[in-house]
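The values are calculated or read from the model by the stated rules, or taken from the named source; none is laboratory data. These figures come from a predicted structure and were not determined experimentally. Counting neighbours? That spans all protein chains shown, and the Cβs are built from the backbone with ideal geometry, glycine included.
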Amino acid sequence: MPPKAPSACYILAGPETGRRESFVRDLVSTCRELDGAEPEYHRLYASDTGPEALTGLLMNGSLFSSRKIVEYRGAEAVSGKGTIDTLVRYTGSPAEQTVLLRVTETYSIAKALETAVGAAGKKMFWELRETEKPAWLRERLGKDDLSAGEAAIDAFLELVENETSAMESACLMLAACFPPGTRLDADQMEAALSRSRREDAFSLFDRMADGDLDSSLCVLDSVLSDRQSDPSQVLAGLIWSFRKLGKLTQIVDEGNTEEEAFRLEKVTSKTGQKKFRAAMKRYSAGDCARIIRAASETEASLRGGLAGGFARPLLQLFIRSCIQHKGGGLILSGWKEQEYYLSERQE
């Protein structure tokens, strides 16, 4: 039985990147299964692209794909009656074989747009509260017939980045290490996580926080080579880390202490605090915003068809840009520039 076709318009709201990226990956996979081909993928920003350009892209058919997916980021910035009315009209009569994702990291966009999409079309992606994480972990471990005591739960949350994609990866590793029916204690949990910890997007962020370009590129190669993370997952982890760093830096810029910033953003572990202290010395809130945008643009390029041997050099370019230019300078925009760069790399 084929999967159900996606709706033409969604609103993706909330700050939890891991869950939102999972939804988008599933949507792309559904379209691929329905059509037997990769959908054409675009990412635009409300601050740069007006409604006329957006709807023009949506209404123009694709020459190479049977379906088109367009992310419209920063959708909370859409304002003005004329602009909103244009998008409301499109929502009422969308182009065939298209999916429009209006994305915001806030919790709502213009009321008229939410009404046009309807309750079923709005997907909320909440960050897990501190009080919710133990329950999430118990439920996830239970899927593999594992359980954990209170001290083991505390050890897990101390050692693993408190973001759903990182927590999911750690749970998969625990399932591979312990037989079904095991109840983990704190020592088992800590030993398994410490012994089995691979290089990942978060250890890559640690190297980038130190400004170590050579080490960062080596970690990237390791992450991609062990096939535990695909390029989109690497970027999702980096976006989460730089978003958290940006919030911490902003709180300190407002006159608070680092300790207060850590309390407000719930960075409780000594390891996490040490990592972010180093990063705060190197990157400002503005740097973080620029890097997050560069990461999103890089991910859009990957989703738009850049894969295989092309993914690695583009990610290398992104990391070099972050460390040497704080998210600017080396990131190439536009397919012609990307294709030129990549063809040079191949030669």
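Tabulated results
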quantity	calculated
Residues satisfying the stated conditions in the range 17-31, i.e. surrounded by 15 or more Cβ atoms within 10 Å (Cβ to Cβ) and more than 24 Å from Ser241 (Cα to Cα)	Leu27, Val28, Thr30, Cys31
Residue selected from the range 162-195 under the condition in a loop (DSSP other than H, G, I, E, B) and surrounded by 19 or more Cβ atoms within 10 Å (Cβ to Cβ), by the criterion modelled with the highest pLDDT	Glu163
Scope the range 253-276; condition surrounded by 15 or more Cβ atoms within 10 Å (Cβ to Cβ) and part of a helix (DSSP H, G or I); matching residues	Glu258, Ala261, Phe262, Gly272, Gln273, Lys275, Phe276
Some residue of the range 125-139 being closer than 30 Å to Cys218 by Cβ and either within 24 Å of the chain's Cα centre (by Cα) or surrounded by 16 or more Cβ atoms within 10 Å (Cβ to Cβ) (or both)	no
The range 144-161, residues that are assigned to a loop (DSSP other than H, G, I, E, B) and surrounded by fewer than 18 Cβ atoms within 10 Å (Cβ to Cβ)	Asp144, Asp145, Gly149
Residue in the range 35-42 that is acidic (Asp, Glu), closer than 24 Å to Leu113 by Cβ, at pLDDT 90 or above and in contact with a Ser or Thr (Cβ under 7 Å, 6 or more places away or on another chain) present	yes
Verdict on Trp136 being of a type in the set (Phe, Trp, Tyr), in contact (Cβ under 8 Å) with a residue 12 or more places away in the chain and under 18 Å from Met189 (Cβ atoms)	yes
Which listed residue, of Gly74, Gly80, is crowded, with 17+ Cβ neighbours inside 10 Å, over 20 Å from Ala119 (Cβ atoms) and among the small types (Gly, Ala, Ser)	Gly74
Which listed residue, of Val99, Val24, Val117, is within 16 Å of the chain's Cα centre (by Cα) and touching a residue at least 60 places away in the same chain (Cβ under 8 Å)	Val24
Failed item in (1) in contact (Cβ under 8 Å) with a residue 12 or more places away in the chain; (2) assigned to a helix (DSSP H, G or I), with Val70 passing the rest	(2)
Subset of the range 196-215 [in a loop (DSSP other than H, G, I, E, B) and either at pLDDT 85 or above or buried (at least 19 other Cβ atoms within 10 Å of the Cβ) (or both)]	Glu199, Asp200, Asp210, Gly211, Asp212
Test: Ser169 is touching a helix residue (DSSP H, G or I) at 6+ places or on another chain (Cβ under 6 Å) and closer than 30 Å to Leu12 by Cβ	no
Looking only at the range 229-252, and only at residues there that are surrounded by fewer than 20 Cβ atoms within 10 Å (Cβ to Cβ) and in contact with a Leu (Cβ under 9 Å, 6 or more places away or on another chain), the one that is farthest from Cys171 (Cα to Cα)	Ile251
